[in-house]
Amino acid sequence: QVRLVESGGGFVQPGGSLRLSCAASGTIGGLYNMGWYRQAPGEQRELVATISADFITNYGDAVKGRFTASRDSGKDKVDLQMNSLRPEDTAVYYCLGTTGGAVYWGQGTQVTVSS
């Protein structure tokens, strides 16, 4: 059974930085895409960033230039470096992993940006 576990959420002031990590276990053959989505209260879940096994990245428009996704070669682990955080970045951040036709989600980690 594939399991994704996130870490690194928390509280930060506007302009600050946080780093999220997500590690997968129980995978067979590895996850092709890994990444992050987020969901704020009353909003739909939206793309933050994904990164493929061959390091192709895709970012949501709201985070381009501020957030960076990274992963180690051959490992089912993905990090998200978040800089210049804004109050509108406040949300629950969910780790995502895909392989073949299957999609796996983590439980989510809260990020709160407030003064």
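Contact map, the range 93-105: first residue among the aromatic types (Phe, Trp, Tyr), second residue open to solvent by less than 50 Å² (accessible area, probe 1.4 Å) and not in a strand (DSSP E or B), Cβ cut-off under 7 Å, separation 6 or more or different chains; pairs are 93/9; 93/108; 94/106; 94/108; 104/2. Residues considered: 85, 80. Of these, the only one that is assigned to a loop (DSSP other than H, G, I, E, B), surrounded by 17 or more Cβ atoms within 10 Å (Cβ to Cβ), of a type outside the set (Phe, Trp, Tyr) and modelled with pLDDT of 95 or more is 85.
Residues in the range 3-13 that are more than 19 Å from residue 60 (Cβ to Cβ) and either of a type in the set (Phe, Trp, Tyr) or open to solvent by 30 Å² or more (accessible area, probe 1.4 Å) (or both): 3, 5, 7, 11, 13. Do the conditions hold for residue 74, that is, is it in contact with an Asp or Glu (Cβ under 9 Å, 6 or more places away or on another chain) and in contact (Cβ under 8 Å) with a residue 12 or more places away in the chain? Considered against the rule, which asks whether it is in contact with an Asp or Glu (Cβ under 9 Å, 6 or more places away or on another chain) and in contact (Cβ under 8 Å) with a residue 12 or more places away in the chain, residue 74 comes out as no. Going residue by residue through the range 46-60, is there one that turns out to be over 11 Å from the mean Cα position of the chain (by Cα), open to solvent by 30 Å² or more (accessible area, probe 1.4 Å) and in contact (Cβ under 8 Å) with a residue 24 or more places away in the chain? Checking the range 46-60: not a single residue is over 11 Å from the mean Cα position of the chain (by Cα), open to solvent by 30 Å² or more (accessible area, probe 1.4 Å) and in contact (Cβ under 8 Å) with a residue 24 or more places away in the chain.
Within the range 64-115, the set of residues being small (Gly, Ala, Ser) and touching a helix residue (DSSP H, G or I) at 6+ places or on another chain (Cβ under 7 Å) comprises just one member, 114. Applying the condition of being small (Gly, Ala, Ser) and at pLDDT 95 or above to the range 61-77 and asking which residue is surrounded by the fewest Cβ atoms within 10 Å (Cβ to Cβ) yields 65.
Does any residue of the range 24-38 turn out to be modelled with pLDDT of 95 or more, open to solvent by 30 Å² or more (accessible area, probe 1.4 Å), of a type in the set (S, T, N, Q) and in a strand (DSSP E or B)? Checked the range 24-38: no residue is modelled with pLDDT of 95 or more, open to solvent by 30 Å² or more (accessible area, probe 1.4 Å), of a type in the set (S, T, N, Q) and in a strand (DSSP E or B).
The values are calculated or read from the model by the stated rules, or taken from the named source; none is laboratory data. Everything quoted here is computed from the prediction, not taken from an experiment. Don't worry about glycine lacking a Cβ; one is built from the backbone with ideal geometry, like all the others, and counts go over all protein chains shown. Side chains included, ligands, DNA and RNA excluded: accessible areas come from the protein's heavy atoms. Shrake-Rupley method; radii C 1.70, N 1.55, O 1.52, S 1.80 Å.
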